[in-house]
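Worksheet: one structure, shown below.
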Amino acid sequence: MMLRFLWLCCERYCTSRSQLLTFLGTLPGCDYLDYIYFDDEAVYDILLLLGSMGVCCSPSKQHLFIERLIAYMDSNMPLHLRHVALRAAHSAREQIASIDITDDTTIRDIVLTKLSPAILSAVCPHPGTTPASDDPDRLVDYHRDLCYVELVCALARNFNWHPHLFSDRHVDRCISIIPKYCNSESPTQHAFYIAGILLQITPKQTSLTSLDSVTEQQWWDVMRSAWNKPPYNIDDARYFDPLLVLVDGTKKYMQIASKSDLKLLIRSVDEFLESLEPKMQLQKMGLALRLEVGSEMRGLEQGEGIIVAVKELRAVASNMLESFG
């Protein structure tokens with residue numbers, strides 16, 4: 001009853017989108033979701049706010065949140081609603097990725113069986129078809145695709161998601177955009193996430209044909225492009241697992257690298273280390289001043305392990321370069 005009263009107040013006194021967003025910004029948690037069955041413009045604004053502010057739903061709201069995401073990422077929904085729902089899912093990616101640990105089996109089943117295909121519908125409403133160049137759902141959309149691959153990379157860190165990423169054609173989607181985003185001449189962050197997705201799920205899924213279609217040259221293109229432009233906050237512990245598999249994957253596929261490729265790789269790795277090492281040192285100094293450092297100390301140790309692994313990769317690349325004479 002109170003929520004209905006709040007909505008009536010909003011309808012009466014919020015005469016612009018900015019006023020609506022200001023009003024919704026005063027509500028706690030995911031209470032926005034109680035208003036999401038009204039007109040499309042209000043839905044868009046609510047999902048936009050959820051995607052931009054970060055989503056933190058209480059257990060009582062999780063089911064509603066997931067249902068709304070699935071509904072508005074459906075292939076029959078207008079493009080702008082699908083994309084803003086994707087942003088909201090992206091904002092909640094850590095929560096969604098770890099949904100398997102919830103005690104609510106209903107929510108877990110809905111996320112794994114219905115949300116996964118809905119995520120693909122948000123970016124590719126008709127899988128298996130090639131959209132026309134003037135189609136709003138064209139194959140390549142920089143910001144939409146970056147949001148998508150970062151979301152899927154987070155999901156790929158959890159092995160329980162792996163079968164769904166294959167069966168719901170997320171892997172196929174990532175393979176299809178390799179030519180666009182894994183190009184060393186025009187580096188983008190997409191390549192880092194594509195590498196993280198494919199490498200994290202490869203070890204247990206080698207028999208599946210979708211990965212068999214990736215050529216050795218494509219694998220190398222993904223590896224070298226991933227080092228060109230890693231995420232800005234690369235010291236965030238959520239990137240450590242993708243980084244470890246990237247190091248191993250680069251060592252594996254760099255065997256076909258040319259001399260110029262190796263020079264570019266070494267330069268990219270040097271820039272990566274120049275970025276990560278000072279950040280980890282600052283973290284170490286900060287932790288030295290605190291008494292309780294449990295998980296933060298583990299993250300620091302992981303980060304220092306990443307630095308060691310990347311330096312080993314650099315040494316391997318340098319030795320290969322020297323062999324060219």
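The values are calculated or read from the model by the stated rules, or taken from the named source; none is laboratory data. It should be emphasised that the depicted structure is a prediction, and the values quoted were computed from it without experimental measurement. Cβ sites come from the backbone with ideal geometry, for glycine too, and all protein chains shown count toward neighbours.
Residues to consider are E322, E274, E312, E301; find the one that is closer than 30 Å to A92 by Cβ, assigned to a helix (DSSP H, G or I) and out of contact with any Pro (no Cβ under 8 Å at 6 or more places or on another chain).
Values: E322 fails: closer than 30 Å to A92 by Cβ; E274 fails: closer than 30 Å to A92 by Cβ; E312 fails: closer than 30 Å to A92 by Cβ.
That would be E301, the only listed residue that is closer than 30 Å to A92 by Cβ, assigned to a helix (DSSP H, G or I) and out of contact with any Pro (no Cβ under 8 Å at 6 or more places or on another chain).
Among the conditions (1) modelled with pLDDT of 90 or more; (2) surrounded by 12 or more Cβ atoms within 10 Å (Cβ to Cβ); (3) out of contact with any Gly (no Cβ under 7 Å at 6 or more places or on another chain), the only one that P242 does not satisfy is (3). If you check S225, S184 for being modelled with pLDDT under 90, touching a Ser or Thr at 6+ places or on another chain (Cβ under 6 Å) and within 30 Å of G325 (Cα to Cα), only one passes: S184.
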